[in-house]
Structures are given as structure tokens and as C-alpha cells.
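Enquirer: Take a look at this one; I'll ask things after.
No value in this document is a laboratory result; all are computed from the given coordinates. A quick note: this is a predicted structure, and the numbers were derived from the prediction, not measured. A quick note on method: Cβ atoms are made from the backbone with ideal geometry, for glycine too, and the neighbour counts reach across all protein chains shown.
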Amino acid sequence: MKIGVLKNMLEKRGVLQKLSPLTGQEIEGIRRNFPGIPEDYLSFLAECGYGELGVFLYSGPIKANEMYDYEELKEEDPIEYEKWEQTWLIGDYGMGDAFGYCIQNGKYHLVDVDHVSLEIQERSTDFCTFLTSFVSSDNADAK
């Protein structure tokens, strides 16, 4: 899905004006710190912005350990721990669970993070398609 279609959906729902677009300099900072990060994500931040849109989208990636304590996995499940170490959160659902990118072998995989089980589940979709599912649902109605 193209950013323009998503942007129009947000505008029609009265959500777009509540978002805060990033500057070109801010986008370049993210691109520099996260080589290979999906362009649709960066384009959305530049053209539409971050904020509440049915889910809360952050102004940039944050390290998963800033929100979750997963140190116990280091000995219990080293493979899952390594996944956590490579996960950067880009937003949350408002109930403790979040979504972000897990970087494996230089590739960015969109993931969901369960705050109770500490499981990271890969999504089989791109960023814009993912957001569209929230924007087109009743969750995105302007309040």
C-alpha cells in the first residue's frame, strides 16, 4: 500500500492533523543509525508523522530493553534473548504489547512483542499494510 492512500484514510478519519511529522534531518538521523530500515516506515514518519492512530507510533525506534526486562532469557533461552537484543520498538498497542523491527542478518522484520510471555512474533506484512489494519478499524476514530 502506498503512503498516499494511508495518508488519505488518516485525513478522512480526522487523525492526520493529530500526528507530528519528522523533519528531513530527523529522518536522516534514523536512516544513519539504522541502515536498511524500511523506507515505507521512514516515509510515513516524514509525510504523516508519529502519535496516536489506533496504535501509538513512536518518533523513532527505541531499544526493547527500555520498555521490557528480558534479562532472564539470557540463561533460560539464549536464542530468544538474542532476538530481543536485535529488536527495536517503533510503537505500542497501549496495553503493554508493542511492535517494532527485529534486525537479523541485516534485514528488518516487522514483529509483535508480547509483554507477558516475552515472545517476539514476526508479522508477515509490511509497515503500511500493518498500519492500515488499525486505521481502517474503529480503533482509529478521532476522539
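Enquirer: Give me the one-decimal nm value for the distance between modelled label points at Glu80 and Gln121, 7 Å along each residue's Cα-to-Cβ direction.
Expert: For the pair Glu80/Gln121, the computed spacing is 1.4 nm.
Enquirer: Name the long-range amide H neighbours of Asp97: under 5 Å, sequence gap of 5 or more, or other chain; modelled H, no Pro or chain starts.
Expert: His115
Enquirer: Shifting gears a bit: Pick out, from Gln25, Trp88, Val111, the residue whose Cα sits farthest towards the positive end of the charge dipole of the chain, with +1 on the Cβ of Lys and Arg and -1 on the Cβ of Asp and Glu.
Expert: Comparing the listed Cα positions along the dipole, Gln25 ranks first.
Enquirer: Still on this structure, I have one more. Using label points projected 7 Å from each Cα along Cα→Cβ, tell me how many nm separate Asp69 and Thr23, to one decimal.
Expert: According to this spin-label approximation, the distance is 3.8 nm.
Enquirer: Only four residue types carry charge here, +1 at the Cβ of Lys and Arg and -1 at the Cβ of Asp and Glu. Report the dipole size of the chain about the Cα centre in Debye, rounded to the nearest 20.
Expert: Working: 13 positive and 26 negative charges, 202 e Å.
Using Cβ point charges on Lys, Arg, Asp and Glu, the chain gives about 980 debye.
Enquirer: Modelled label-to-label distance, Arg31 and Asn105, 7 Å Cα→beta-carbon offset: nm?
Expert: Each label point is offset 7 Å from its Cα along the Cβ direction, giving 2.6 nm.
Enquirer: Next question. Any idea how many Lys pairs in the chain come in under 27 angstrom at the alpha carbon, given 8 or more places apart or on separate chains?
Expert: 16
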